[in-house]
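The next block holds one structure in the form of structure tokens; read it before the comments.
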Amino acid sequence: MALLEVKDLKTSFFTAAGEVKAVNGVSFSLDRHKVLGIVGESGSGKSVTAYSIMQILDANGRIVGGSIKLDGQELVGAGEKVMKTVRGNKISIIFQDPMTSLNPTYTIGHQLIEAITLHTDRDKKQAWDRAVELLKLVNVNEPEKRMKQYPFELSGGMRQRVMIAMALSCEPDILIADEPTTALDVTIQAGILELMKSLQDQLGMAIIMITHDLGVVAQLCDEIIVMYAGSICERGTAEDIFYDPHHSYTKGLLKSIPTVDMDDKKLEPITGTPIDLLNMPKGCPFAPRCDDAMHICINQTCDYVQINEHHYSACWMNVKEMMEEQKGGASNE
């Protein structure tokens, strides 16, 4: 049995302008000890998917359909009492910006100890010892000194390490990392990613890595989900996505990132802008920005086409290619 199973998840935000379908029929599973990457542009539904799993949506947000099962236990509709036992203990999250996630008026030690005593039966002395141990685990130097400092006294990379320590305080089964390296420079990013991989190997937890940076998921993830307009347009292993992409959006993302062998080549940005989630099109949501869009793309969504055992793509171009291959094979016979 998969550790986490998400089936046909639908999450909407109800605004004065209408219903925003931020997550629209997302399905995936996560096995123990695996790393799943969720990539896509801003507004694609990556973070809302994570917040739906944790059930920490804004007041106007609501899960309107689907299922989220953790170790076989249904979380949708389970209630706040159940979710309090899940958050921190079984699933933890690292948010994008540690400066806004950490309280500037409390010391690092106070915040770590609060998280530990809230979710475990340790007393304050045991919680202090555990907090120091966690800071050592995430390679924070002089941990006893850091415990007495405030967030503004630490560097960005150090604050991110503190956030990781806090997320690990209850030894969760799943760690969700929501853009954990966005606010950091490149060298610090590399250190944080190396740390997360090392911790995953040491502790055996599963990780959901949410990012817009394909370079991040290439280093870390076993499986990758590519999201656009609240839906999954392609999923497969890291090797499938990087070396054999089949959805036009995935191809566009890969063309828009710099490589070491570019020479004088220019980056190829994806033209246009993301669609308005208040006015979803009838067909493929990426069709208005796709150079290969056909008439059917505008008017009808495509079911997932299986490329191989673990690789799926929801693109009409795949259907067209398969039909052409079948037609060519028949004519050769």
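No value in this document is a laboratory result; all are computed from the given coordinates. In this text the structure is predicted, and so the values were computed from the model without any measurement. Cβ atoms come from the backbone with ideal geometry, glycine included; neighbour counts cover every protein chain shown.
Values for this structure:
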item	result
Built amide H within the under 5 Å cut-off of Gly65, gap 5+	Lys10
Rel. contact order, % - alpha carbon contacts under 8 angstrom, at least six apart, the stretch 178-317	19 percent
Calculated FRET value between Val319 and Asp291, using beta carbons and R₀ = 22 Å, to 0.05	0.80
Kirkwood-type radius of the stretch 1-123, with distances r between different C-alpha atoms, in Å	16.2 Å
About the Cα centre, charge dipole magnitude for the chain (Lys/Arg +1, Asp/Glu -1 at Cβ), debye	1180 debye
Compactness index (Cα Rg / 2.2 N^0.38 Å), the stretch 101-214	1.02
Local electrostatic count at Ile270 - Lys and Arg +1, Asp and Glu -1, tallied over other residues with Cβ under 11 Å	0
Förster radius 41 Å - calculated FRET efficiency between Glu144 and Leu57 (Cβ-Cβ, nearest 0.05)	0.60
Formal net charge of residues neighbouring Ser92 (Cβ-Cβ distance under 12 Å; K, R +1; D, E -1)	-1
Helix axis angle, 316-332 relative to the chain longest principal axis, alpha carbon, degrees	40 degrees
Qualifying trypsin sites (Lys or Arg not before Pro) in the stretch 198-287, DSSP loop, other Cβ atoms within 10 Å at most 11	Lys265, Lys266, Lys282
Under 5 Å, built H, 5+ apart or other chain: amide partners of Val35	Ile207, Asp222, Glu223
Summed residue charge, Cβ within 13 Å of Lys320's Cβ, Lys/Arg positive, Asp/Glu negative	-3
Computed over the stretch 55-126: relative contact order in percent, which uses C-alpha pairs under 8 Å that are six or more apart	17 percent
Estimated distance in nm for a label pair at Thr187 and Glu80, the labels positioned 7 Å out from Cα along Cα-to-Cβ	4.6 nm
Translational diffusion of the stretch 5-65, µm² s⁻¹ [Kirkwood Rh, Cα pairs; Stokes-Einstein; 37 °C; 0.692 mPa s]	267 µm²/s
Gaussian network model of the chain, springs between alpha carbon atoms under 10 Å - residue of Asp71, Asp222, Asp123 with greatest fluctuation	Asp123
Förster radius 41 Å - calculated FRET efficiency between Ser256 and Leu203, Cβ distance, rounded to 0.05	0.75
Simple spin-label estimate for Leu118 and Gln306 in nanometres, 7 Å along Cα-Cβ	4.4 nm
Helical mean residue ellipticity (222 nm; -39500 (n - 2.57) per DSSP H run of 4+; nearest 500) of the chain	-11000 deg cm²/dmol
Among Met280, Met209, Met158: highest mean-square fluctuation, GNM of the chain, C-alpha pairs under 10 Å	Met280
Derived scalar couplings ³J(HN,Hα) [the stretch 129-144; Karplus, 6.51 cos²θ - 1.76 cosθ + 1.60; whole Hz; x for Gly, Pro]	4, 5, 5, 4, 4, 5, 5, 5, 4, 9, 6, 8, 6, 6, x, 5
Whole-percent pair-distance distribution, where bins are 20 Å wide, for the alpha carbons of the chain	29, 55, 15, 1
The stretch 184-249, Rg to Rh (Cα coordinates; Rh as Kirkwood inverse mean 1/r)	1.00
Separation between Cα centres of the stretch 108-182 and the stretch 33-78, rounded to whole Å	24 Å
Amide H contacts under 5 Å for Tyr228, placed H, 5+ residues apart	Cys233
Extension reserve of the Glu171-Glu194 stretch, reckoned as 0.36 nm per residue once the Cα distance is removed	6.4 nm
Mean separation of Cα contacts under 8 Å (6+ apart) over length of the stretch 106-261, as relative contact order %	16 percent
